[in-house]
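Asks: Have a look at the structure that comes next, please.
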Amino acid sequence: MSRKVYLDHAATTPVRPEVAEAITRYMVEEFGNASSIHSFGRAARKGLEEAREHVASLIGADAREIIFTSGGTESDNMALKGVAEACRQRGKHIITSKIEHHAVLHTAEHLEKEGFEVTYLDVDSDGLIDPDDVRRAIRDDTILVSVMFANNEVGTIEPIGEIGKICKEKGVVFHSDGVQAVGSIPIDVNELGLDLLTISAHKMYGPKGVGALYVRKGTKIAPIIHGGAHERGKRAGTENVAGIVGFGKAAELARIEMDERQNHLLPLRDRLIRGILERIDDVKLNGHPTKRLPNNVNVSIMYVEGESMLLNLDMMGVAASSGSACTSGSLEPSHVLLAMGVPHEVAHGSLRMTLGSANTEEDVDYVIDCLEEIVKRLRAMSPLATTRKG
Ligand SMILES: *Cc1c(COP(=O)(O)O)cnc(C)c1O
């Protein structure tokens with residue numbers, strides 16, 4: 001019973017040893033400031049620009065279109081606030097969805113206070129956004145559409161290509177929060193018609209505190225951090241060279257291992273889903289059954305509290321989540337599940353398990369056993385469960 005199973009890769013991933021090695025080298029040996037003209041500076045600059053190539057190549061972009069940031073949250077802020085400021089003369093309307101990460105939702109709410117108007121699109125019961133809703137919501141004064149690539153809680157993959165086509169047709173800038181998708185599924189910004197794409201290193205086996213915003217050539221965006229002329233004048237501050245080099249390594253590995261990782265994760269994901277549905281009664285899978293991230297399992301287990309399941313799983317060495325890491329610990333049910341029409345009491349019994357490279361079939365079988373036992377125990381104590389069948 002000393003097994004440890006980490007099933008919270010949507011919250012963060014371990015750093016790959018190759019990545020850690022690259023980071024150490026750029027902290028200890030190639031420690032120069034990338035803006036310095038001497039050999040130390042040039043060595044740092046070389047590492048930085050190689051990393052830019054790797055990140056760009058993962059999403060089919062040009063290296064000059066990659067701006068390094070402090071992570072997904074900053075990239076989302078930069079996309080929304082940067083476009084809002086650059087385009088405020090043209091219009092004040094922004095479109096996003098009800099299931100975005102708080103980095104987008106709270107930024108949109110902030111912009112509303114600044115005088116912008118925001119439309120929050122609904123989703124269906126699988127968490128899917130209807131591209132026709134995007135088309136209908138676009139007005140003459142719409143300056144930005146921001147729709148996440150794949151949801152961090154339920155794993156649903158949105159119809160980004162279709163939305164991109166509509167935005168292009170209407171001449172509206174299109175941003176996507178790709179934090180959960182980039183590195184996990186194949187993405188080509190040109191095929192999909194993306195103008196801005198948010199990426200975070202620590203969700204793809206890179207370090208925390210590093211990310212990027214892809215900015216299509218010609219897209220107007222104002223800086224949100226002012227200072228030196230770093231990152232083509234779009235993001236001031238001495239570059240986190242070591243972190244960025246680690247991010248580059250993580251991006252390179254993700255590109256090379258993309259198929260291999262999917263082939264590893266998909267059967268594990270489906271084994272976990274099948275096991276839970278077969279062995280536990282009154283369970284519902286949240287999120288789209290097939291348009292779904294290869295590592296995401298999200299279930300609502302009736303008549304039990306998500307938090308109780310988490311604590312019990314933790315005691316058995318299993319790390320999962322009851323939604324997003326940011327809402328865990330609060331008693332508010334997930335805004336994503338509520339937007340999908342999941343009733344409050346069902347949303348409270350939700351569990352997110354996100355797989356990663358190191359997970360095995362044995363892990364999955366162990367977790368199914370643990371969960372079956374925990375649910376049996378919790379339901380035996382639950383007044384809701386004892387009365388449920390009359
Ligand atoms: C984790 C996450 C973020 C935030 O990224 P950080 O690098 O942790 O700031 C944004 N959006 C989504 C969808 C995420 O999963």
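The values are calculated or read from the model by the stated rules, or taken from the named source; none is laboratory data. Keep in mind that what you see is a predicted model, and the values were worked out from it rather than measured. Positions of Cβ are backbone-derived with ideal geometry, glycine not excepted, and every protein chain shown enters the neighbour counts. For the accessible areas, the whole protein counts, side chains as well, though only heavy atoms, and no ligand, DNA or RNA atoms are used. Shrake-Rupley method; radii C 1.70, N 1.55, O 1.52, S 1.80 Å.
Asks: Please list, by residue number, every one of the chymotrypsin sites (Phe, Trp or Tyr not before Pro) in the stretch 1-77 that is coil in DSSP and has at most 16 other beta-carbon atoms within 10 Å. Mind showing how you got there, number by number?
Replies: Working: sites: Tyr6, Tyr26, Phe31, Phe40, Phe68; in loops: Phe31.
Passing sites in the stretch 1-77 are Phe31.
Asks: Against the longest alpha carbon principal axis of the chain, how many degrees, from 0 to 90 and to the nearest 10, is the axis of helix 160-170 turned?
Replies: Helix 160-170 and the main axis of the chain meet at about 50 degrees.
Asks: Gln89 to Lys4: FRET efficiency via 1/(1 + (r/R0)^6), r the Cβ-Cβ distance, R0 56 Å, to the nearest 0.05?
Replies: 0.55
Asks: Roll a 1.4 Å probe over the protein chains and send me the accessible area per residue for the chain in Å².
Replies: Working: 16730 Å² over 390 residues.
Accessible area per residue, the chain: 43 Å².
Asks: Run the reach check for Lys376 against lysines, Cα to Cα strictly under 23 Å, same-chain hits fewer than 8 apart removed. What comes back?
Replies: Answer for Lys376, where 23 Å is the Cα cut-off: Lys4, Lys284, Lys389, listed by chain and number.
Asks: Any of Lys81/Lys220; Lys98/Lys203; Lys220/Lys249; Lys208/Lys249; Lys46/Lys220; Lys208/Lys291 with alpha carbons more than 18 Å apart? Name them for me.
Replies: On the way: Lys81/Lys220 11 Å; Lys98/Lys203 22 Å; Lys220/Lys249 29 Å; Lys208/Lys249 14 Å; Lys46/Lys220 27 Å; Lys208/Lys291 28 Å.
Result: Lys98/Lys203; Lys220/Lys249; Lys46/Lys220; Lys208/Lys291 exceed 18 Å.
Asks: If contacts are Cα pairs under 8 angstrom and at least 6 residues apart, what is the relative contact order of the chain in percent? Please report the intermediate quantities before stating the final value.
Replies: Numbers: 777 pairs, mean separation 89.4, N = 390.
Value for the chain: 23 percent.
Asks: Tell me, what is the FRET efficiency for Glu50 and Glu191 to the nearest 0.05, using R0 = 25 angstrom and their Cβ-Cβ distance as r? Could you put the intermediate results ahead of the total?
Replies: Values: r = 25 Å, r/R0 = 0.99.
After rounding, the FRET efficiency stands at 0.50.
Asks: Compute the angle between helix 241-279 and the longest alpha-carbon principal axis of the chain, please, reported from 0 to 90 degrees and rounded to the nearest 10.
Replies: With both axes taken from Cα atoms, the answer is about 20 degrees.
Asks: Would you work out what percent of the accessible area of the chain, with all protein chains in place, is carbon or sulfur (probe 1.4 Å)? Intermediate results must be reported in sequence, preceding the final value.
Replies: Values: 8670 of 16730 Å².
Carbon and sulfur atoms account for 52 percent of the accessible area of the chain.
Asks: Only residues of the stretch 90-106 count here: report those whose backbone N is under 13 Å from the spot 7 Å along Cα→Cβ of Asp126, or say none.
Replies: Those under the cut-off are none; the list is empty.
Asks: Sticking with this one: With each pseudo-label sitting 7 Å past Cα toward Cβ, what's the Arg271-Leu338 distance in nm, one decimal?
Replies: Label-label distance for Arg271 and Leu338, simple model: 3.7 nm.
Asks: How high is the FRET efficiency between Lys165 and Lys291 when r is their beta carbon distance and R₀ equals 22 Å, given to the nearest 0.05?
Replies: Working: r = 17 Å, r/R0 = 0.79.
After rounding to 0.05, the efficiency reads 0.80.
Asks: Tell me the angle of helix 361-381 to the major Cα principal axis of the chain, expressed in degrees between 0 and 90 and rounded to the nearest ten.
Replies: Long axis of 361-381 versus the principal axis of the chain: about 50 degrees.
Asks: Let me ask you something else. What number, in percent, do you get for the relative contact order of the stretch 1-151 if the mean sequence gap of Cα pairs under 8 Å and at least 6 apart is divided by its residue count? List each step's numbers first, then the result.
Replies: Numbers: 143 pairs, mean separation 27.3, N = 151.
With pairs under 8 Å counted, the relative contact order is 18 percent.
Asks: A further question follows. Where nothing but the Cβ of Lys and Arg (+1) and of Asp and Glu (-1) is charged, how large is the charge dipole of the chain around its Cα centre, in debye to the nearest 20?
Replies: Working: 45 positive and 56 negative charges, 137 e Å.
Taking the Cα centre of the chain as origin, the dipole is about 660 debye.
Asks: Now for a separate question. DSSP loop (so not H, G, I, E, B), at most 15 other Cβ within 10 Å: list which GluC sites (Glu not before Pro) in the stretch 90-177 pass both filters.
Replies: Glu114
Asks: If you stretched the chain out fully between Ala137 and Glu117, how much longer would it get, using 0.36 nm times the residue separation minus the C-alpha to C-alpha distance? Before the final figure, lay out each step's value.
Replies: Values: separation 20, 0.36 × 20 = 7.20 nm, distance 1.18 nm.
Difference between extended and current length: 6.0 nm.
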